[in-house]
Amino acid sequence: MNLTTLKTELEHGDSLQQIASEAVVRNYMMWTGAAGIIPLPIIDTAAITAIQLAMLNKIGDIYKQEFSANWGKSVIGALVGGYASTSLGLGLGMNIVRAIPFVGSIASLIVLPGFAAATTWALGQVFILHFESGGTILDFDPVAVKDHYIALVKKGHTVVSEVAKNSDSKEVKEVAKEIKEAKDLGSTKSKE
């Protein structure tokens, strides 16, 4: 982020914590996208959850909010897991598709990285909004924000595409390169 962008965001009322948290979310959403290409169903989910947990921890640090890993996992499970299983049917549907030889691997390489990045972006936005409005870890209610989270996930797919296309961030470009290399490696292995 350059100085002009920072100045503009501050003029529009964004706090320094919000600006810093947005940068954290952008970086972590790209990392979860990269983790989404891991071809092993349980491993990819564990990696994505760990990355999202690390993101929440960083956002919590920015807003001086401490939480336990168990609390973070339960919140991630309630929001992300609930969305995947009810709104998209992605949880069960993706596992069924993955079971199809060759086609399943390709489908998961296409769908899961974007889904992981969008859900991570939405998760980050929910927490930024909560903390910006004076909320704390103690009064966060996943059930109360579920509908807002679902709307943010839908918007997140567009945001993920835009960030990947337009970012001048060295870190985001490096992650995008790693995603491409991993996809190339995955397609090479599936041909073997």
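The values are calculated or read from the model by the stated rules, or taken from the named source; none is laboratory data. Because the structure is predicted, anything quoted here is derived from the model rather than measured. Don't worry about glycine lacking a Cβ; one is built from the backbone with ideal geometry, like all the others, and counts go over all protein chains shown.
Remarks
- Contact annotation: residue pairs with Cβ atoms under 6 Å, 6 or more positions apart or on different chains, pairing a residue in the range 50-78 that is touching a residue at least 12 places away in the same chain (Cβ under 8 Å) with a partner that is in a helix (DSSP H, G or I) and of a type in the set (S, T, N, Q), are I51/T32; Q52/T120; I59/S21; I62/Q17; I62/S21; Y63/Q17; I76/T49; I76/Q52.
- From the options I51, I100, I42, residue that is at pLDDT below 85 and part of a helix (DSSP H, G or I): I42
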